[in-house]
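What follows is a set of notes on a single structure, which appears directly below.
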Amino acid sequence: MRKLFVLALLPMLASFSAHAQLLDVLTAPKTLIDRAIEARSAGDIAKDNEIVVKVNAIMGKMGTVKASTEIYEQRLLITGIFDDKALYDRFEREVRQVQGVKKLYWHVSYLAKDDSRRKSLLDWGDVTVMAAKAQGRLVGTAGVADVNFRTTADAYGTVYLLGRARSGEEGKKALAQVKDGTGVRKVVDYSVVRP
């Protein structure tokens, strides 16, 4: 059965970039199906993947995993907290030079190691769970094409919604689902409405 599934996906795989194929096959087979039904072209998805690969390469070069990316239609959302000001400045400078980004939503902050505000931050595990649950709430919502939305969260308890709603009503439903989570302190909506 699995072999038949893979064989059925081969024509679709041929249309994705090599980076996207490898990442999808290694990390999330569900992503391949989602992309097949997503309301975007393979070329558009490939552009997104190229941008994320470039940003991840910057992080790799700097030896940091202090930032996280989400992207939709070359609208790049970056979150994270740095405790090294020089590294933060360098990371921001290099990310802003990445070609192909139509809009950058910069939610990366610098917070010194000894800053008392760190005590109120969520830990990495809680942030990951919050983001996964926000996306999960979209999956079961009637009238919401969850594959057209991306969610993430940060250590401040903020959940971000990025993507495209096919109608104002769909956008409102998606936003309501993202807001409806335990521990969510704030929601930032970067979704657009476009049929």
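The values are calculated or read from the model by the stated rules, or taken from the named source; none is laboratory data. What you are looking at is a predicted structure, and each value in this text was computed from that prediction instead of being measured. Glycine also receives a Cβ, built like all others from the backbone with ideal geometry; neighbour counts cover every protein chain displayed. Keep in mind that these areas ignore ligands, DNA and RNA; they rest on the heavy atoms of the full protein, side chains included. Shrake-Rupley method; radii C 1.70, N 1.55, O 1.52, S 1.80 Å.
A few notes on this one:
- Built amide H within the under 5 Å cut-off of residue 187, gap 5+: 159
- Segment residue 62..residue 118, full-extension length gain: 17.9 nm, with 0.36 nm per residue of separation and the alpha-carbon distance subtracted.
- All lysines inside 17 Å of residue 102 as judged from Cα atoms, apart from same-chain residues fewer than 8 positions distant: 47, 54
- Within the shell defined by Cβ-Cβ distances under 12 Å, the residues around residue 94 carry a net charge of +3, with Lys and Arg each +1 and Asp and Glu each -1.
- Across segment 118-130, coupling constants 3J(HN,Hα) worked out from phi with the 6.51/-1.76/1.60 Karplus curve, θ = phi - 60°, read 4, 5, 8, 6, 6, 7, 4, x, 5, 5, 4, 5, 4 Hz, and Gly and Pro carry x.
- Cα gyration tensor shape for segment 28-160, rounded if a/c is under 1.5, else prolate or oblate: oblate
- Hypothetical label at residue 176: residues of segment 132-147 whose amide nitrogen lies under 13 Å (7 Å Cα-Cβ projection): 141-144
- Sparsely packed loop sites in segment 97-195 (the trypsin sites (Lys or Arg not before Pro) outside DSSP H, G, I, E and B with at most 16 other Cβ atoms within 10 Å) comprise 102, 113, 166, 185.
- Here each label is just a point 7 Å from Cα along the line to Cβ, and for residue 98 and residue 41 those points are 2.2 nm apart.
- If you sort 92, 169 by accessible surface, 1.4 Å probe, largest first, the order is 169, 92.
- Of the listed residues 48, 123, 180, 115, the order by accessible area with a 1.4 Å probe, largest first, is 180, 123, 115, 48.
- Taking packing as the residue-averaged number of other Cβ atoms within 10 angstrom, the listed peptides 151-163, 52-64, 76-88 run from highest to lowest as 151-163, 76-88, 52-64.
- Classified by the C-alpha gyration tensor, segment 84-195 has an oblate form. Its axis ratio a/c, with a ≥ b ≥ c, is 1.5 or above, and a/b does not exceed b/c.
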